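Trainee: Here it is, the structure, as structure tokens.
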Amino acid sequence: MAAVVKEPQKETSATCISCGDAFTLDDEVFLATIRFLVVGASVLEQHLVVDDHGDFMYEPLFFHIECWEAVVDELREAYEDIPPLEHGEAVRTCTFCKSGVLQWEYFARANIGEFHRSQKSPDGNLHHRFISFDKNEGSLMCLSCMAYVRSEVLEIWGEVTQDGECDDCAHDRCWRDGDCDCDCHEEGQESDE
Ligand SMILES: [Zn+2]
Ligand SMILES: [Zn+2]
Ligand SMILES: [Zn+2]
Ligand SMILES: [Zn+2]
């Protein structure tokens with residue numbers, strides 16, 4: 001074997017959803033995944049939102065630290081003077097608006113970490129996987145905050161809803177009451193026409 005020392009490739013194939021740049025192995029990044037909690041027999045079970053085949057319903061999103069901070073800074077600012085919507089059955093609190101999150105309600109969980117080179121790459125390509133080094137659960141963003149982000153800050157999470165509701169309904173958490181008369185719940189009937 002020739003002793004050729006090659007500078008290992010540092011750029012990964014993953015890109016930041018905000019600025020579009022590829023990450024390198026040295027970058028600290030945030031990974032945001034859509035999840036929900038269910039009150040189990042003795043523990044609170046946390047699940048990723050997946051389809052019938054076990055695939056992600058909503059693509060996990062990666063951000064540079066500073067790109068993520070730019071998004072959540074706007075969010076914090078927007079909710080600074082708005083009192084949180086508390087709820088007796090909340091199982092978590094949104095990190096940003098401080099409102100309650102109930103079981104079954106979707107939220108984005110953001111964890112800090114970095115990319116590591118995978119040991120094996122059978123197809124000869126360089127692979128990387130994200131390893132979180134968060135010691136705790138990370139930060140948690142409710143559906144209302146995600147609706148604010150997509151309408152005011154960055155066009156992400158366009159399809160992330162509890163039940164197909166519009167952004168106004170997301171802010172009202174209308175799925176909790178079940179008798180909302182907003183037009184967004186009538187789409188099924190209109191599409192028959
Ligand atoms: Zn970025
Ligand atoms: Zn929130
Ligand atoms: Zn609506
Ligand atoms: Zn509604």
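Trainee: Output the number of the condition that Glu45 fails; it satisfies all remaining conditions of (1) in contact with a helix residue (DSSP H, G or I) (Cβ under 6 Å, 6 or more places away or on another chain); (2) without any contact (Cβ under 8 Å) to a residue 24 or more places away in the chain.
Mentor: Of the numbered conditions (1) in contact with a helix residue (DSSP H, G or I) (Cβ under 6 Å, 6 or more places away or on another chain); (2) without any contact (Cβ under 8 Å) to a residue 24 or more places away in the chain, the odd one out for Glu45 is (1).
Trainee: How many of the residues in segment 102-118 are over 18 Å from Thr161 (Cα atoms), surrounded by 15 or more Cβ atoms within 10 Å (Cβ to Cβ) and not aliphatic (A, V, I, L, M)?
Mentor: Of the residues in that region, 4 qualify.
Trainee: For the condition over 25 Å from His171 (Cβ atoms) and either under 16 Å from the mean Cα position of the chain (by Cα) or without any contact (Cβ under 8 Å) to a residue 40 or more places away in the chain (or both), what is the one hit in Val29, Val72, Val101? Show your work before the answer.
Mentor: Working: Val72 fails: over 25 Å from His171 (Cβ atoms); Val101 fails: over 25 Å from His171 (Cβ atoms).
Only one candidate qualifies: Val29.
Trainee: Select from segment 60-92 the residues that are over 30 Å from Phe23 (Cβ atoms) and of a type in the set (Asp, Glu) and list them in ascending order.
Mentor: Within segment 60-92, Glu80, Asp81, Glu86, Glu89 meet the criteria.
Trainee: Filtering segment 140-183 down to residues that are touching a residue at least 60 places away in the same chain (Cβ under 8 Å) and not in a helix (DSSP H, G or I), which residue is farthest from the chain's Cα centre (by Cα)?
Mentor: Once the filter is applied, the top-ranked residue is Arg173.
Trainee: Yes or no: Ala90 farther than 22 Å from Asp172 by Cα and modelled with pLDDT of 95 or more?
Mentor: Values: farther than 22 Å from Asp172 by Cα: no; modelled with pLDDT of 95 or more: yes.
No, not satisfied.
The values are calculated or read from the model by the stated rules, or taken from the named source; none is laboratory data. Computed from a predicted model, the values in this text were never measured in an experiment. Reconstructed Cβ throughout: ideal geometry from the backbone, glycine too, with neighbour counts over all protein chains shown.
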